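Okay, so here's the structure we're looking at.
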Amino acid sequence: MRKFVYLLVFSVMIFSSCDPGRLFEENKSIEGNAWYYKNLMPFDLQIKDTTKFYNVLVNVRVDADYRYNNIFMLMHVTNPEKKSDQRRVEIKLADERGKWLGSGLGDIYDYQFPVLQNIKFPKSGFYRFELEQNMRDDTLLHVKSVGVRVEEVETNK
């Protein structure tokens, strides 16, 4: 059993270090898998280099009992000067026949959706990204977690 634990920890360390483009990635569990519309999920990151280009992606994890084929979210972005902007995002989760489009294991499905691509952050400092569910239901059931990923765009040198 001890060997298994060591192997698992080693594997996680190896695979997490194999993502050189990732600047930031954090996922937060939704309590009770029920996302209330007023429950904004905050993610804070520091941008140091304003000369590079970045992609910002949203991560979503749902279970097979999720009742819609998409999810709408509002992404609020607050810059270091406390100026905010918001963007509405639609993430397609299933096709017209109801087949899940995400990667899955058992009855859990993961999605990663680009929201902002090839952008430069105008100021260095701390940025806050907040995700808000924007569906018709006040409480959206069967959403397990949401997250934000920011990655550096590779440039050809």
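Structural descriptor for the chain: relative contact order 43 percent, calculated from alpha carbon pairs under 8 angstrom and at least 6 residues apart.
Taking amide H atoms as placed 1.01 Å from N in the peptide plane, the amide H of VAL115 lies under 5 Å from those of VAL56, LEU57, VAL58, each 5 or more residues away in sequence or on another chain. Can you tell which of LEU40, LEU105, LEU74 shows the greatest fluctuation in a Gaussian network model of the chain with Cα springs below 10 Å? Checking each option, the largest mean-square fluctuation is seen for LEU105. Taking each DSSP H run with n ≥ 4 as -39500 (n - 2.57) and averaging over every residue of the chain yields -3000 deg cm²/dmol at 222 nm. Specify which labelled value, from [x] 34, 24, 17; [y] 62, 18, 13; [z] 26, 24, 15, agrees with semi-axes √(5λ) of the Cα gyration tensor in Å derived from the coordinates of the model shown. Entry [z]. About its Cα centre, the chain has a charge dipole of approximately 320 debye under the convention of +1 per Lys or Arg Cβ and -1 per Asp or Glu Cβ, with nothing else charged.
Only the coordinates and a few stated rules stand behind these numbers; no lab work does. Given the structure is predicted, the values throughout are model-derived calculations rather than measurements. Virtual Cβ from ideal backbone geometry, glycine too; neighbours counted across all protein chains shown.
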